[in-house]
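Below is one structure, written out as structure tokens; comments come after it.
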Amino acid sequence: MTYVLAIDIGGTKLAAALVDEEGSVSRSGTRPTPRTDVMSALAALITEVIEGGPSPKAVGIGCAGPLDLVAGTVSPVNMPSWRGFPLREEVRKLTGLPTVLAGDAQCFALGEHWLGAGRDSTSLLGIVVSTGIGGGLVIDGMPLLGPTGNAGHVGHMSIDPNGERCECGGRGCVERYSSGPNLARWALENGWSPTLEGPEDKADARVLARHAAAGDPVAVAAFERGARALAGMIASTAAAVEITTVVIGGGVSAAGKVLFDPLERILDDVAGLAFVRAVRIHQSTLGVQAALAGAARLASMAL
Ligand SMILES: [Zn+2]
């Protein structure tokens, strides 16, 4: 068996695993992402996972973006201590192994394509709907990363050039309609009054999904609006690069039917051309493990 070391770096959690070419995990570990000196925490995690396990032949890293694959640097929005951080070189020095890097959502797409809900597809769009919206493309079985590694930023595709200003500086971005905080924001602005049942409850997309499932009309309308923006983006992406499959993960995908039912219905309304209409939408089956699986796949493709 040939093993690779897969690493997934996010704003709240670092994860690493030794993975074989069939996707089986022999050793793994996680730890919280510290506010400062993330590299020391990552180095300790890597040592813990590698020690006593089979020797990996390469390293694949999925990291929150934006990133620059030419320079091998990352500047994750939610990790202020890393700006232009030379992650690829630091991990290569630490492990002495060939090291490849991609965005975490690109790794999500690659993982779902390899082992998850997109296993039988040739060309797939993976979407992570959470605090923000990330995405990644696998075209004809290969990850589409782009010249600097930023391909697949579908959350910042404009579905309304006259729409609201997005935090990215653009206008009418999908994220402005369909991310968890924006679903809740629109609902609150339109008269949603969340009844909170426990100390864990907040006026967020999780409670909004519960209310939508119970038939609250504003909550239902918020998911309809979010689904319409996603459907526009999906139809545009399918028209541009011909995908057969969409896999949606991230916290908001846990809303289930209140998101996926309107999404499928509205995509049917939005899409015209036969190959766009043929796109199939699935919920992620790997969940939080998808990005790690994709990082492993990325590393094994580099061998
Ligand atoms: Zn944007």
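What the table shows:
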item	result
Cβ pairs under 9 Å, 6+ apart, first in region 222-251 and without any contact (Cβ under 8 Å) to a residue 60 or more places away in the chain, second assigned to a strand (DSSP E or B)	Gly226/Val129
Of residues in region 110-129 being open to solvent by 20 Å² or more (accessible area, probe 1.4 Å) and aliphatic (A, V, I, L, M), the one farthest from the ligand (Cβ to nearest atom)	Leu115
Any chance Pro199 is in contact (Cβ under 8 Å) with a residue 12 or more places away in the chain, open to solvent by 10 Å² or more (accessible area, probe 1.4 Å) and away from the ligand (no atom under 16 Å from the Cβ)	no
Residue selected from region 1-27 under the condition open to solvent by less than 80 Å² (accessible area, probe 1.4 Å) and polar (S, T, N, Q), by the criterion nearest to Thr99 (Cα to Cα)	Thr2
Qualifying positions in region 255-281 - closer than 21 Å to Val241 by Cβ and among the small types (Gly, Ala, Ser)	Ala271, Gly272, Ala274, Ala278
Test for Leu259: is it assigned by TED's automatic domain parsing to the domain that holds Leu137, under 18 Å from the mean Cα position of the chain (by Cα) and assigned to a helix (DSSP H, G or I)	yes
Residue match in region 37-60 (condition: in contact (Cβ under 8 Å) with a residue 40 or more places away in the chain, acidic (Asp, Glu), surrounded by fewer than 14 Cβ atoms within 10 Å (Cβ to Cβ) and not assigned by TED's automatic domain parsing to the domain that holds Gly136)	yes
Top-ranked residue of region 160-169 - restricted to ones that are modelled with pLDDT of 95 or more, open to solvent by 60 Å² or more (accessible area, probe 1.4 Å) and outside any strand (DSSP E or B), ranked as nearest to the ligand (Cβ to nearest atom)	Pro161
Criterion: at pLDDT below 95, open to solvent by 20 Å² or more (accessible area, probe 1.4 Å) and not basic (Lys, Arg) - qualifying residue of Gly132, Gly146	Gly132
Considering residues of region 170-184 that are within 8 Å of the ligand (Cβ to nearest atom) and either touching a Cys at 6+ places or on another chain (Cβ under 8 Å) or under 18 Å from Ala203 (Cβ atoms) (or both) only, the residue most open to solvent (accessible area, probe 1.4 Å)	Arg176
Hits in region 234-250 (condition: crowded, with 17+ Cβ neighbours inside 10 Å and either at pLDDT below 95 or not in a helix (DSSP H, G or I) (or both))	Ile243, Thr245, Val246, Val247, Ile248, Gly249, Gly250
Pick from region 130-159, criterion touching a helix residue (DSSP H, G or I) at 6+ places or on another chain (Cβ under 7 Å) and in a loop (DSSP other than H, G, I, E, B), ranking: farthest from the ligand (Cβ to nearest atom)	Leu145
Subset of region 32-75 (residues that are in a loop (DSSP other than H, G, I, E, B), more than 29 Å from Glu21 (Cβ to Cβ) and either in contact with a Gly (Cβ under 7 Å, 6 or more places away or on another chain) or of a type outside the set (A, V, I, L, M, F, W, C) (or both))	Pro34, Arg35, Thr36, Asp37, Pro66, Ser75
Within region 273-287, tally of residues that are outside any strand (DSSP E or B) and in contact (Cβ under 8 Å) with a residue 24 or more places away in the chain	9
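The values are calculated or read from the model by the stated rules, or taken from the named source; none is laboratory data. From a predicted model like this one, the values you see are computed outputs, not experimental measurements. In this analysis, Cβ positions are derived from the backbone assuming ideal geometry, glycine residues included, and neighbour counts consider all displayed protein chains. Just the protein is used for accessible areas: all its heavy atoms, side chains included, with ligands, DNA and RNA removed. Shrake-Rupley method; radii C 1.70, N 1.55, O 1.52, S 1.80 Å.
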